[in-house]
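Asks: Here it is, the structure, as C-alpha cells.
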Amino acid sequence: MKYTILKYGMLAGTLLLGGCNNWLDVDPKSQVKQEVLFESEAGFQDALTGIYTIMARTDMYGGHETMGFLEMVAQTYTEVIYTYEDVLKYNYEETNSEACIDGFWKGNYNAIANCNQILAHVDERKGVFSSGVYEAVKAEALALRAFLHFDLLRGFAFSYVTGKDELAIPYVDKVTNKPVAQSTVAEVLERIITEAEEARKLIREVDPLGPAYDTYTESGYKSEDFIQGGGFWLYRKSKLNYYGITAFLARVYLYKGDKVNALACAKEVIESGKFSLLEEKQLQQDETWGYLCSENEYISSLYVYDMEEGRSDVFFGEESSMRCYISDARRSVVFGTPGVDIDWRNQNMFVLKTGETKYYVGKYQGVNRIPLLKLSEMYLIAAEASGDKSWLQTLRDHRGYVNYPLADDCDLTAEIEAEYRKEFIAEGQLFYYYKRLNYDKLPGMSEPMAKHYVFPMPDNELEFGNIK
C-alpha cells in the first residue's frame, strides 16, 4: 500500500516560523506573508533562521530527537518518568509514545515546508542578494531539507540494509497542497545525496567556515570581510556550514554502505584543521564538558538560548518532567574497565545536583548549543569505512585512553560500538547506529528489535491510495 502525506508537505500563502523574534510578530503572529518576507535579502535570512528555530523545539532536535525519545528507544536510560515507560517498552501506540512520534513527523515536515518556501523564491529573487549570500541561503535550505528528510527516513522506514526497495516516506520538494506519494528507501536516499552534494558545491567558495577561507574562528574573524549583513556570516558552527554538509554526507554515505565516499567526506572534515578533538589540558580549565566540545568539536549545531532551563532541566534530574536517568551500574557497563576511572566523558558528562542522590546527564549544562554533527563521529566513520583502527585510537587518545592502545587483533566493530555508546549519550544517534547495522537485540537487552525499528506514521497524516 502506498501512502501520501496530507498536511505537512505544503504551505501556500504564508511561511510558518518559530521563535520570539520581532520579525515574526506580524500578519498574523508567527506568520509572515511570503510576498513581504522574500522581497529582501534580510527576509530570506530571517526565514532561514526560522527553520533552525523550529528544529530547536523540544519535540524535535531540541529534545526528543536528541536527548529524549530517541535515547529512550536506544535503551540509553535505565529509568524514565513513569508516563514515558511505554517508550522504553516500544509501546508506540500509547499516548506519550504517540505524541513523541507525531511531534517528530510533523515537526520535520513543517521545517521542510519552510525550506521549500525559501527554495521556491530564491532563484527568482537572486538580484536582492549581496555577494555570496544567495549561494549560502540556497545551499543551507537544500541541505536542511535533505537533513530533515534523512532523519524521517531513518525513523519511519526500513534501513537501507534491510529494505532499500521498500516504500519509505514522501520526499516533499515543493510547496504544494496536493498529497505527495511515498518513495522507496533507495529513492529517498538518492535524493538526499543529490541535494546535499548540490548544496556543498554551492556553498564551497563562499562559506567562511569552508575550504576557501582560513580567517574564520568561532568567536570572531581575523578579517572584517565577513562582518556584514546583520551578522549572517557569523557563528557558522550554529548552521549547516560547508563542513557540516560534508559531515552529513559522510553519515548518509555510510548509511547507504558506500564506504569509499563516507571515508572521503569524513577525512575532508578531519583534515580541514577547522575543528579539533579535546586535549587533556583543556579539561583542567574551569569549563564544562559540553562547552569545551561545542567550542572545539561541534561541526554543526543548534543554538538554544534557554538550554539549561528549557532543555536539560526538562529531561534530567529528580524534578524534571522526563527524569531520564542512567544508573551507575549501566554506566559501568557502558564505560567498562578501565573506562569508569579514566574516561574523560564518564568523569565530566554526569552531574549530581544539589539535594539529589543520582547522577544525571549534564552535558547540556553551561552551554547553548545542541550538536547535530561532531568531529568525533567523523573519526568513527573513518575507522568503520576504512577498517583502520588508527582513526579510532586517535579518538580514544582524546578521551583518556592514551595509555591503553587497541590491540593489533582487536575486534574493530565491537570497539566502534563501544565508542558510540559512550560518545553519543543524549544526542539521538545511537538508535540509528543499531538500526543501520540491523542489531537483532540491543546490548544487554532481550527484546528482539526487528518490529521496533520503524516508527508508525501518524494515522491522521496518512491517506490510502495509489496502490503499487
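The values are calculated or read from the model by the stated rules, or taken from the named source; none is laboratory data. None of the values given here were measured: they were computed from a predicted structure. With ideal geometry, Cβ positions are generated from the backbone for all residues, glycine too; neighbour counts draw on all protein chains shown. Surface areas here come from the heavy atoms of the whole protein model, side chains and all, with no ligands, DNA or RNA. Shrake-Rupley method; radii C 1.70, N 1.55, O 1.52, S 1.80 Å.
Asks: Counting just the residues of the range 108-130 that are out of contact with any Leu (no Cβ under 9 Å at 6 or more places or on another chain) and without any contact (Cβ under 8 Å) to a residue 60 or more places away in the chain, which one comes out surrounded by the fewest Cβ atoms within 10 Å (Cβ to Cβ)?
Replies: Taking the candidates together, the pick is 127.
Asks: Within the range 295-330, how many residues turn out to be closer than 21 Å to residue 374 by Cβ and part of a strand (DSSP E or B)?
Replies: Total satisfying the criteria: 6.
Asks: Residues in the range 378-409 that are assigned to a loop (DSSP other than H, G, I, E, B) and open to solvent by less than 30 Å² (accessible area, probe 1.4 Å): how many?
Replies: 4
Asks: Do the conditions hold for residue 90, that is, is it open to solvent by 10 Å² or more (accessible area, probe 1.4 Å), at positive phi and under 23 Å from the mean Cα position of the chain (by Cα)?
Replies: yes
Asks: Taking the conditions exactly as written (open to solvent by less than 30 Å² (accessible area, probe 1.4 Å), out of contact with any Cys (no Cβ under 9 Å at 6 or more places or on another chain) and at pLDDT 95 or above), does residue 370 satisfy them or not?
Replies: Yes, satisfied.
Asks: Can you name the residue in the range 158-174 that is over 17 Å from residue 146 (Cβ atoms) and in contact (Cβ under 8 Å) with a residue 24 or more places away in the chain and, of all such residues, is least open to solvent (accessible area, probe 1.4 Å)?
Replies: Applying the filter and picking the extreme gives 159.
Asks: Using beta carbons and a limit of 6 Å, which pairs, at least six apart or on different chains, have the first residue in the range 44-56 and closer than 19 Å to residue 364 by Cα and the second one of a type in the set (Val, Ile, Thr) and not in a helix (DSSP H, G or I)?
Replies: Pairs found: 56/304.
Asks: Go through the range 331-377 residue by residue and tally those that are outside any helix (DSSP H, G or I) and either in contact with a strand residue (DSSP E or B) (Cβ under 9 Å, 6 or more places away or on another chain) or not small (Gly, Ala, Ser) (or both).
Replies: 25
Asks: Can you confirm whether the range 53-62 contains a residue that is open to solvent by 20 Å² or more (accessible area, probe 1.4 Å), modelled with pLDDT of 95 or more, within 20 Å of residue 106 (Cα to Cα) and not in a loop (DSSP other than H, G, I, E, B)?
Replies: yes
Asks: Then there's this: May I ask you to list the residues in the range 239-249 that are open to solvent by less than 10 Å² (accessible area, probe 1.4 Å) and either out of contact with any Leu (no Cβ under 8 Å at 6 or more places or on another chain) or not in a helix (DSSP H, G or I) (or both)?
Replies: Selection gives 240, 241, 245, 246, 249.
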